[in-house]
Amino acid sequence: MNSEQTQTKWAQFIPLVTVFFFWGFVAASNDILIPVFKKAFDLSQAESQLVSLAFYIAYTVGALIYNGISVIMGQDIVNKLGYKNSLALGLVISALGTLLFYPAANLHSFPLMLSGLFIVALGFSLQQTVANPLAIALGPIKTGSQRLTLAGGINNFGTTIGPLIVSFAIFGSAANANTNISVESVKIPYLILGVAFIAVAIFLKMSSLPDRPALVEASADDTKSIKGSALQYPQLVLGMIAIFVYVGVEVSTASNLPAYMEKDLGFAIKDIAPYISLYWASMMIGRWTGAVEAFTDNVSTQKVLRFIAPYLAFGIFLAVNAIAKHDLAPFYIYGLIILVLIAADMASKGNPARMLLIFSAIGITALLIGMFTKGMVSVYAITSVGLFCSTLWPCIFTLAVSGLGKHTSQGSSFLIMMIMGGGIISWAQGAVSEFTGIQHSYIVGIICFAYLAFYAWKVASILRAQGINFDQKISGGH
């Protein structure tokens with residue numbers, strides 16, 4: 001690929017990642033809505049987690065609707081509409097969901113609020129189905145996972161600033177002593193978000209994104225795909241469970257953190273947003289570290305960037321919070337924890353199964369520290385889970401679809417369907433907290449990481465038996 005072609009691919013990639021940004025912005029903002037709705041509607045902790053459940057279950061419902069309509073039509077919806085049209089349609093669906101916030105606020109209706117979030121995520125489901133393979137297609141296949149990781153880093157830029165912007169829109173500035181909570185305050189921010197969805201839909205339609213990219217290259221793997229369904233491959237079936245628990249621990253860790261900080265540590269709700277932002281910034285920090293190979297093939301440069309990228313991402317978090325007039329002093333110590341991420345990344349040696357195993361083990365350690373320590377140590381331990389969840393999606397995705405050949409697309413759709421784990425496990429942790437207390441309810445996250453460690457060990461042997469060796473095949477493992 002010459003330099004002109006490379007520039008064209010990057011020009012196409014830039015408008016695409018705008019969609020990834022929105023997913024992160026809205027998903028992380030839910031963590032601010034949870035305590036707001038909990039107090040405004042007088043909900044229990046388990047009931048408040050219905051926010052996450054409604055949002056993430058929509059991904060599964062959307063995938064089922066997508067496959068059902070495709071069967072009825074006798075043709076894949078995206079292939080019929082084209083990629084740009086499908087992305088635009090998904091954004092319009094999400095915009096329709098934001099419209100429900102206005103009557104929901106006026107009627108003081110929690111079910112209607114949940115319905116609005118559900119429809120927003122329903123649109124995201126279609127967008128995910130299109131955007132993930134499209135990100136891989138916009139360049140060489142060998143760097144497809146790095147582009148997906150880079151897109152994930154943009155997603156986490158959205159998760160970093162989302163809680164801060166939504167918190168500002170609801171509560172005002174950090175210096176404002178207003179702590180009154182009213183669902184009336186959420187309708188205008190989400191109407192503005194709906195307008196942004198429509199604007200980006202128009203932007204994408206006018207962009208140079210390919211409408212029908214060549215997503216599948218003929219390969220020797222196709223000759224190995226002698227099974228009749230993707231579900232006949234154990235790496236995929238076990239990987240579906242892995243995606244379920246991975247998204248579950250990622251989301252539940254953050255969505256239960258506000259209640260822990262408010263109830264156990266005495267934080268005001270309006271002061272929690274910077275720590276939610278830190279959690280999602282940790283995801284960005286890890287993913288920027290994992291995306292360095294998308295920019296250069298030079299090994300020496302990659303080694304330098306592995307140190308620069310995470311601290312650059314951390315610097316963005318600090319800058320955003322400085323602009324929001326938050327006290328930065330509590331966050332400087334977090335720079336030392338980032339060194340653990342860098343060391344773990346280097347120890348993985350580019351093998352996704354090894355990375356999944358190492359990061360899961362550290363995730364367990366972080367949650368144990370969070371469960372059995374007090375004060376800010378526990379908060380830093382829990383937020384650091386974001387660092388060690390950061391690159392697990394591309395690791396699991398890569399391992400689960402490896403060796404599927406012509407069944408790869410089908411397998412990918414099944415994996416997207418399992419995003420519902422984000423809602424179900426968040427709700428489960430909320431339910432457990434009613435008996436154990438919120439701090440010790442993080443045992444749910446430990447169980448999730450334990451399964452991911454098992455999957456890392458098991459899938460390595462499954463793929464080796466199929467002749468797939470990631471130490472040779474994949475550089476970077478992200």
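The values are calculated or read from the model by the stated rules, or taken from the named source; none is laboratory data. Quick caveat, the model's predicted, so the values are computed rather than measured. Ideal geometry is used to build each Cβ from the backbone, glycine not excepted, and the neighbour counts take in all protein chains shown. Ligands, DNA and RNA are excluded from the accessible area calculation, which covers all protein heavy atoms including side chains. Shrake-Rupley method; radii C 1.70, N 1.55, O 1.52, S 1.80 Å.
Annotations
- Rounded if a/c under 1.5, otherwise prolate or oblate - segment 356-470, Cα gyration tensor axes: prolate
- Scoring 94-102, 193-201, 245-253, 417-425 by mean Cβ neighbours within 10 Å over their residues and listing the highest first yields 245-253, 417-425, 94-102, 193-201.
- The residues K80, K263, sorted by heavy-atom accessible surface at 1.4 Å with ligands and nucleic acids left out, run K263, K80 from largest to smallest.
- Above-threshold pairs, the threshold being 24 Å between Cα atoms, out of K303/K458; K38/K270; K80/K187; K39/K187: K303/K458; K80/K187
- Summing Cβ point charges (Lys, Arg +1; Asp, Glu -1) relative to the Cα centre of segment 228-470 gives a dipole of roughly 460 debye.
- Whole-Hz couplings from phi, Karplus 6.51/-1.76/1.60, listed for segment 271-282; x for Gly and Pro: 9, 7, 3, x, 6, 5, 4, 5, 4, 6, 5, 4
- Overall form of segment 427-471 per C-alpha gyration tensor (a/c, 1.5; a/b vs b/c): prolate
- Carbon + sulfur, % of accessible area of segment 228-470 - ligands and nucleic acids excluded, 1.4 Å: 70
- Solvent-accessible surface (1.4 angstrom probe) belonging to I165, in square angstrom, nearest 10: 80
- Farthest positive-ward along segment 228-470 dipole, Cα basis, beta-carbon charges - from F267, G437, S348: S348
- Centre-to-centre, using Cα atoms only, segment 297-315 and segment 40-111 are separated by 37 Å.
- Three-way shape call for segment 228-470 based on the alpha-carbon gyration tensor, with the a/c threshold at 1.5: oblate
- Taking amide H atoms as placed 1.01 Å from N in the peptide plane, the amide H of F267 lies under 5 Å from those of E262, each 5 or more residues away in sequence or on another chain.
- Extension gain, L107 back to F307 (0.36 nm per residue minus Cα-Cα distance, nm): 66.9 nm
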